[in-house]
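As structure tokens, the structure follows; a few thoughts come after it.
Every number in this text was worked out from the coordinates using simple rules, so none of it is lab data. As the structure is a computational prediction, the values presented were derived from the model and not from experiment. Here the Cβ positions follow ideal geometry from the backbone for every residue, glycine too, while neighbour counts run over all protein chains shown.
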Amino acid sequence: CVFYFVGSPADSALYQRLEMLSNGTGYIKLCKSMPRDELISFYQECDCIICASRDDPLPVVLTEMMILGKACICSEHTGTASYITDGVQGYLFKNEDVDALVQKICLCVDHPEKLETMGRASRNLYEEQFTTSVFERNLLNLVDAELEKEDKG
């Protein structure tokens, strides 16, 4: 496995620890930032995304990986988690439970053949829940429901 940590460091002490751990190893790579087109190309090369956010309403990175048909591992405190079925589009783990996250990573490592199937299911979930046409339909349904309430009221 090679683990890439992408983005600007929010915690400099943690970033320094990661830098120390990555020195001399080929399995931890740090990428502070990259242009959008490079980022999308980078995503395409990944097998799985891990989003360990403690609290994130709807991480864009997870949606982008779903567009590309990639499996996801995310904490239960991401908005995306409410759409993912554990073991179908990816894996969910209890927020801040490092051991649970390790278990999910190990499932991916021990059963890499499942990642492709999960990736297809992830893409299907994106098409069912996150496309512009789905958003438009849901918005119009809400507006229609409100208009009906006004007509009856």
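Okay, here's what the table says:
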read-out: Charge dipole magnitude, Cβ of K and R +1, D and E -1 - the chain, Cα centre, debye nearest 20; value: 440 debye
read-out: Kirkwood hydrodynamic radius (C-alpha pairs) into Stokes-Einstein, the stretch 1-86, 37 °C and 0.692 mPa s, D in µm²/s; value: 234 µm²/s
read-out: The chain: relative contact order in percent, alpha carbon pairs under 8 Å with at least 6 residues between; value: 17 percent
read-out: Estimated 222 nm signal from helices in the chain, with DSSP H stretches of n ≥ 4 weighted -39500 (n - 2.57), rounded to 500; value: -16500 deg cm²/dmol
read-out: Correct option for P(r) over Cα pairs in 5 Å bins from 0, in percent [calculated from the coordinates] among (i) 2, 8, 15, 18, 20, 14, 8, 5, 4, 3, 2, 1, 0, 0, 0; (ii) 2, 11, 20, 25, 22, 11, 3, 2, 2, 1, 1, 0; (iii) 2, 9, 18, 22, 21, 15, 8, 4, 1, 0; value: (i)
read-out: Size descriptor, Kirkwood hydrodynamic radius, that averages inverse alpha-carbon separations across the stretch 63-138, Å; value: 12.7 Å
read-out: Links that overshoot a 22 Å alpha carbon limit, given the list Lys29/Lys70; Lys29/Lys94; Lys70/Lys104; value: Lys29/Lys94
read-out: Long-range amide H partners of Tyr4 with built H, under 5 Å; value: Lys29
read-out: Lys/Arg +1, Asp/Glu -1 at C-beta; the chain dipole; positive extreme among His111, Asn23, Leu142; value: Asn23
